[in-house]
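In what follows, a structure is listed as structure tokens, so that the remarks can point back to it.
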């Protein structure tokens, strides 16, 4: 293993890579839009083609199950055409396509304080750097939960930058993949050249197999919806398509460690459609360190997740507020990274194979893993009941509950009805 890096870099635009990764902070930049395309939903599909032709446009592809279409437009004319189309009674809405960015016998299991925190610290092999584990009970009691269930038979969709195809600890858990990003996949190692999705997937479902690390839901399967490109960015329409694909392919939980600062009707429709189909949706709250809402996390049908540290305190970078539902460990979370060079490694000095990352992007998959565990218990009969279990069994004693987040820091053991050591 190479050196474990703890330096905090700038948070991804919507808190994602929430890694505190080298991307502009969401607190300082204006919302960005995808150039050359807009999203339009027509009230009268019969009049759609004629209306588009009047504006010099052609019909576009449908966006998942939202009823909206992605329309190609001349670059620089997006706002003008949105305004023009919005005035027409045949149009329900027209909007920009927003930029979305990315927030126990296994050898390294001892470094995973999020799953089991015994109050120690560890020194990285071949290096003198020590990473403190903390002295409080800052973990989610995943090991205790495994006495009840390990999530067998439950599928979690990772809507992100993709999951590496050649990683010994997570790749075999992927049962289907689809690329909705603008990245071209030429070689297998191109599938996650950013690294974010592989790290998130490992937090959810890395195999408990005497190799590397273990996921919160070690017997879960993964659906890999690649919606973010090699730079960790994507679009509202791509996210909506990824959500729809995940639902069609049997996801019980969808994790979205990504977000945008402006609400999108097409994205909210995709979220609501997934919820109405019985799926639990989980998303990172963001890394701005403010109370500003991030979407899709702020939508009512999504569990929004803030980040805590190894002392069970709110992470300094974490977005917070009464609109945030729960918290989970998101500082120095140890998980899988691609075995080939990847952008987050180049930008932040992270190692290939396994390393730490911080952000609400790391906290969100912890909660997604807990939700997946609940699905595999007798309580897992409906998405509203699973969500209720995750939220109402959270540790409310954690400082900030009721202010930084509504319910507390999640507790996997309590959520699955296990025999828990902790109160």
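Throughout, read-outs are computed from the coordinates displayed, never taken from laboratory work. Source: prediction; values computed, not measured. All Cβ positions, even for glycine, are placed from backbone atoms using ideal geometry, and neighbour counts span all protein chains on display.
Remarks
- Short to long, the 5 Å bins of the Cα pair-distance histogram for region 136-209 hold 3, 14, 24, 21, 15, 11, 7, 4, 1, 0 percent of all pairs.
- Across q = 0.14, 0.15, 0.27 Å⁻¹, region 353-423 modelled as identical point scatterers on its alpha-carbon atoms has Debye log10 I(q)/I(0) values of -0.47, -0.53, -1.22, in the order of the q list.
- Order by protection proxy (mean Cβ within 10 Å, highest first), peptides 370-381, 324-335: 324-335, 370-381
- Whole-Å semi-axes of region 33-99's equivalent ellipsoid (Cα gyration tensor): 16, 14, 11
- By the beta-carbon count within 10 Å of each Cβ, the least crowded to most crowded order of 323, 405, fewest first, is 323, 405.
- The share of alpha-carbon pairs in region 301-385 lying farther apart than 18 Å comes to 53%.
- Relative contact order of region 33-99, taken over Cα pairs closer than 8 Å and 6 or more residues apart, is 50 percent.
- Computed over Cα pairs, the Kirkwood radius of region 109-415 leads via Stokes-Einstein (0.890 mPa s, 25 °C) to a diffusion coefficient of 133 µm² per second.
- Reciprocal of mean inverse Cα separation for region 197-302 (Kirkwood radius, Å): 14.5
- The value for region 133-269 of Rg(Cα) / (2.2 N^0.38 Å) is 1.08.
- Per-residue Cβ neighbour rank within 10 angstrom, fewest leading, 155, 401, 319: 401, 155, 319
- Short-range pairs are left out: with C-alpha atoms under 8 Å and at least six residues apart, the relative contact order of region 325-423 is 29 percent.
- Fewest-first ranking of 223, 267, using other Cβ atoms within 10 Å as the exposure measure: 223, 267
- Highest mean first, the peptides 158-167, 289-298 sorted by other C-beta atoms within 10 Å per residue fall in the order 158-167, 289-298.
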